Amino acid sequence: MIELFFVTCLISDPQRCTEHSLLFEEQNGLFTCLLDGQSELARWLETHPDDQVTAWKCRPAGQDDAAI
């Protein structure tokens, strides 16, 4: 599985941040993540209007490298 790993911070408190991930199937997962990542983030932000995305990347699911 490939994950879209992203970090969001509250607009009202930019120092308060949270890590998130969305999973993509392995078949074409990385390609799909790279192509659709921004639209998936936009869709996520529609339901979380108090947050802003500060960083994102596509990576193998479960990778414990938080550096973006």
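Take the range 34-63 and flag every residue that is in a helix (DSSP H, G or I) and either under 15 Å from LEU10 (Cβ atoms) or out of contact with any helix residue (DSSP H, G or I) (no Cβ under 9 Å at 6 or more places or on another chain) (or both).
Taking the range 34-63 first, the residues in a helix (DSSP H, G or I) are 34-46.
Listed by number, the residues that qualify are LEU34, LEU35, ASP36, GLY37, GLN38, SER39, LEU41, ALA42, ARG43, TRP44, LEU45, GLU46.
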Under 7 Å by Cβ, and 6 or more places apart or on different chains, what pairs join a residue from the range 40-51 that is acidic (Asp, Glu) with one that is in a helix (DSSP H, G or I) and surrounded by 11 or more Cβ atoms within 10 Å (Cβ to Cβ)?
ASP51/LEU45
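Residues of the range 13-33 being over 11 Å from the mean Cα position of the chain (by Cα), not aromatic (Phe, Trp, Tyr) and not in a strand (DSSP E or B), which ones?
Residues of the range 13-33 over 11 Å from the mean Cα position of the chain (by Cα): 13-17, 24-32.
Still in the list and also not aromatic (Phe, Trp, Tyr): 13-17, 25-30, 32.
ASP13, PRO14, GLN15, ARG16, GLU25, GLU26, GLN27, ASN28, GLY29, LEU30, THR32 - these are the residues of the range 13-33 that are over 11 Å from the mean Cα position of the chain (by Cα), not aromatic (Phe, Trp, Tyr) and not in a strand (DSSP E or B).
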Quick one: in the range 18-30, which of the residues that are free of Cβ contacts under 8 Å to residues at least 40 places away in the same chain, under 12 Å from MET1 (Cα atoms) and of a type outside the set (Asp, Glu) is surrounded by the fewest Cβ atoms within 10 Å (Cβ to Cβ)?
GLN27
Please verify whether the range 52-62 includes one or more residues that are under 9 Å from the mean Cα position of the chain (by Cα), crowded, with 16+ Cβ neighbours inside 10 Å and β-branched (Val, Ile, Thr).
yes
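Values in this text are rule-based calculations from the coordinates and carry no lab data. This is a predicted model, so every value here is computed, not measured. Reconstructed Cβ throughout: ideal geometry from the backbone, glycine too, with neighbour counts over all protein chains shown.
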